[in-house]
1. Say each of A:Trp161 and A:Arg117 gets a label point 7 Å from the Cα, pointing the same way as Cα to Cβ; how far apart are those two points in nm?
2. C:Val529: net charge of surrounding residues, Cβ under 9 Å, Lys/Arg +1, Asp/Glu -1, itself excluded?
3. Given the pairs A:Lys102/C:Lys543; B:Lys7/C:Lys268; A:Lys57/B:Lys66, which span a C-alpha to C-alpha distance of over 29 angstrom in this model?
4. Looking at the stretch C:556-616, I'd like the Rg to Rh ratio, where Rg is from alpha-carbon atoms and Rh is Kirkwood's inverse mean 1/r.
5. Tell me, what is the Rg over Rh of the stretch C:1-126, with Rh the Kirkwood radius over Cα pairs?
6. Taking 20 °C and 1.002 mPa s as the conditions, I'd like the Stokes-Einstein D for chain C in µm²/s, using the Kirkwood hydrodynamic radius from alpha carbon pairs.
7. Once phi is turned into ³J(HN,Hα) by the Karplus curve 6.51 cos²θ - 1.76 cosθ + 1.60 with θ = phi - 60°, what whole-Hz value does each residue of the stretch A:93-106 show in order, with x for glycine and proline?
8. Enumerate the amide H contacts of C:Val616 below 5 Å, restricted to partners 5 or more residues apart or on another chain; note that Pro and chain-start residues carry no placed amide H.
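The values are calculated or read from the model by the stated rules, or taken from the named source; none is laboratory data. Quick caveat: nothing in here was measured; it's all calculated off a predicted structure. No Cβ is skipped: glycine too gets one built from the backbone with ideal geometry, and neighbour counts run over all protein chains shown. For accessibility, only protein heavy atoms count, side chains too; no ligands or nucleic acids. Shrake-Rupley method; radii C 1.70, N 1.55, O 1.52, S 1.80 Å.
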Amino acid sequence: MRKFFLFFPFVAFSILSVVLYVQIGKDANYMPSALIGQTVPEFTLVSLTDDELVSNKDLPNQPYLINFWGTWCAACHVEHPYLVQLARSGVVIVGVDYKDKKSLAEQWLNKKGDPYRYVLMDELGHFGVDMGITGAPETFVVDSQGVVVYRHQGEINAQNWPVIEGYLQ
Amino acid sequence: MHPLRRKRLIIIIAILLILSSAVGLVMFALQQNINLFFSPTQIASGEAPQQATIRAGGVVVEGSVKRDPQTLYVSFDVTDYQYSMTIEYLGILPDLFREGQGIVAQGSMMANGVFKATQVLAKHDEEYMAPEVSDALKNAQSKRVTVTESALSY
Amino acid sequence: MFPELGQFSLILSLFFALSLAVLPLVGYWKGNRLLLETARPLTLIMSMLVLVGFISLCIAFLSDDFSVLYVAQNSNTQLPIWYKVSAVWGSHEGSLLFWVLILCGWCSAVALKIRTLPADVGPIVLAVLGIVCVGFLSFLLFTSSPFVRILPDAPLDGGDLNPLLQDFGLIVHPPVLYMGYVGFSVAFAFAVAALITGNLNASWARWARPWTAASWAFLTLGITLGSWWAYYELGWGGWWFWDPVENASFMPWLSGTALLHSLAVTEKRGVFKSWTVLLAIFTFSLSLLGAFLVRSGVLTSVHSFAADPTRGVFILGLLIVLIGGSLLLYAIRAAQVRSTVSFGLSGREAWLLLNNILLTVLTLTVLLGTLYPLLFDVLGLGKISVGAPYFNAVFSPIALLLMVFMAVGPLSRWHQTSANALLVPCVIAVLVSVSVSAGLVYLLGFGVTAFISLAVAMWVVVLSFYDWFSKVSAGTKGIIPRARQLPRNYYGMLLAHLGMVVTLVGIVLVTVNSEESMLRLSPGDQATVAGYEFRFDRVEQLKGPNYLSSKGQFTAYKEGKQVAVLYPEKRFFTTRQQVMTEAALDAGFTRDLYVSLGERVDEQAWGVRVYVKSFVRWIWLGGLLMMAGGLLAALDKRYRKRARAI
């Protein structure tokens, strides 16, 4: 009987750690994006590379990522090499250069490599507001039907990529 | 009863008494004081109870902040990009309150569908910087350049 | 260059920590004296290496080395130099390194004092501390190294330190708080060492006591500083928010207080042995849990660090190994311990048992309130928050009850107390406290809660002085020599208990006697709050080193006489584009005048908070007294005796 009681703290702690484990990774600040399950909002933006107008119909027909970035954003510096690596392995990424200047963005891509299928210039940030982003970098996963299935806030790296990759398939 | 047994019994009863009254107190206080969170969509679909203290939150809609010219009364809309709702508040908004910024308000729904807040909290995310930071960074850099330039000219 | 040196010496220190965690234990099992004796030098070398790592990071900050990611994120060329130093522990990675540094500081202190312990106990204690060090060092190195470089193109300037942290309070608050948090790992190490060696007699309690008292004192000071900082820096004049991060520091304090008392019983009477061991583990677990809650992002809070799931998983793993392991060890080994000494229900043991039950219940209610939103979410019941009303409703009555018993404990004698010895002082104390409190409440027009609380405060004061006086006046020597003879331990207790009273009085009066108003004021306007006339003179624009400021000027009058001129500020930090409120205070022994600028509501008018806070300083004054009491108890002469050679 007494022995049984001595195990009680251990058992209570085990239960607590299960609860804590389940809760890790859920962002307590997370506001579920209302875009999940919807198609990408209407937009018409200028492409960085060729100054052509790009709209929804030009989006890829296969699963892809929409990645919001900017040359002003420190975390994007860290994220960029990983995106280049992903693009090499065949992941389609549409970049949105958010609240940024064209010349700086060109410099950046020349210097660090260009992982993007094409880069849209969202200088005023309207598209960002439509997508409901809260900062950069921020990445959306869109499936082959053009429906947003996942949103990732913050940089993509080797640790969190498996989760995102899961949604991409 | 054996005196040792009796003493143990008294101790156990005392512990149980304290514990059970504490549990009762906790249950009572929890019932009164937990606040559920609702998104504008949930509120629009009528999920939120009226008159009960709840929390609601979303992103402050650009251009929706209206102030009363005489008092500290303020109203603004928040959205989850699907539905919007109006929040009214009498008091001082937090420093981090800004249009386009996520906020959480505590208060209750009134019959007219307006959320009456008793407390407004704004959250600042540290993980990544707001776009405006860039300009500041650039400013700081250019300032640094001008400082060196002026130093050179002397 | 320095970042690499720092990284390298941290990796090296991890190896020393690993050896420290293993060698003495092997030595213990094999009976190898030589291996046991490696513990001391290993500890000292490990600590030196961590210190080198820490200094390297400081140098990176001071030399504006923005090629280091952590520096780039948390510093800026324009940041004043003292904030560059405190920015070292301003965010997750650096504060974790700082945590490890302090842990090593405690380890070294134990290592240096190792000769006060028997030859086979000291090394085991150090080995357990070594295991803790391994955990935190690998957490630091594998998930959150502060030395990561952003090369080749490093930014020209950094993102600046979070403006909330650019403040004196935040330079001193984290170090002191960590001293407390981490200090409990020493008591934990003693407990686990006792379980490992099976040597659960009263002596381990005596060794652990001064360490526990010292870390308790630091934690008390840390919490006090945190509360003071929140009061003047967060700009809304609250001194305690029941925020998860505050609770994270408060829970180990509560159970540490229980531990302090239960150690006394175990040392003096040899009872509650296995309970004390459990409490030591529990207290340290709560420190770790606090670190987990702050760093894993599972709870929202104003103070928490940015969330990262990997870190969360790692630190949870750490928790499971350290806490789960020690609890399992406890379950297996504690069964062998039996208290052979019995105690009477009227003795001091019983009062301290009551103290322990109440403190544990308090800890559990705070724990429950903190974790309840998590439980709710895990069970899929929705997102909730548990507000301050819950904590106030549950905490206050139990804490008041605790204080009632707190005064009686010292009066009682070990084993058995005659009813008369308690009855007389208690009757006197009841009469005095009830009449004084009733008089005060009647004169000032307070309510029932204030009456009860003030009566409890009086009750503790009367009984404490009665106890001191009866101890001093006994015998023939005269009062002053007797008073000198009483141990520091006793004065420490007296001071800590009176500190509780001072804090209680502060809390009660600030709650019932303060006046707070939020006003819309333009320069030239006047407002009256609690008999003070506040005139809003003007607002000027100023430029600080890394911010722009709107500085208001208020003049406060009482009955036509000028009392104070207050300068609340609204600072705009240019790099982070963040606005901070600097409240202006006129501090006083019985009241604080508190003015803070809210938002500017139109061209002229500002939302302004004008508070007159009654006796708010007493809250922190009490904290300081408690800390002094803890230190005094830690420095008691009895603990400095060397262990007899075995």
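1. Going by the 7 Å Cα→Cβ label model, 1.9 nm.
2. Cβ neighbours under 9 Å give a net charge of -3.
3. From A:Lys102/C:Lys543; B:Lys7/C:Lys268; A:Lys57/B:Lys66, over 29 Å: A:Lys102/C:Lys543; A:Lys57/B:Lys66.
4. 1.06
5. Rg/Rh: 1.11.
6. 80
7. 10, 9, x, 10, 7, 9, 6, 9, 9, 4, 4, 5, 5, 4
8. Amide H neighbours of C:Val616, under 5 Å, 5+ apart: C:Asp592.
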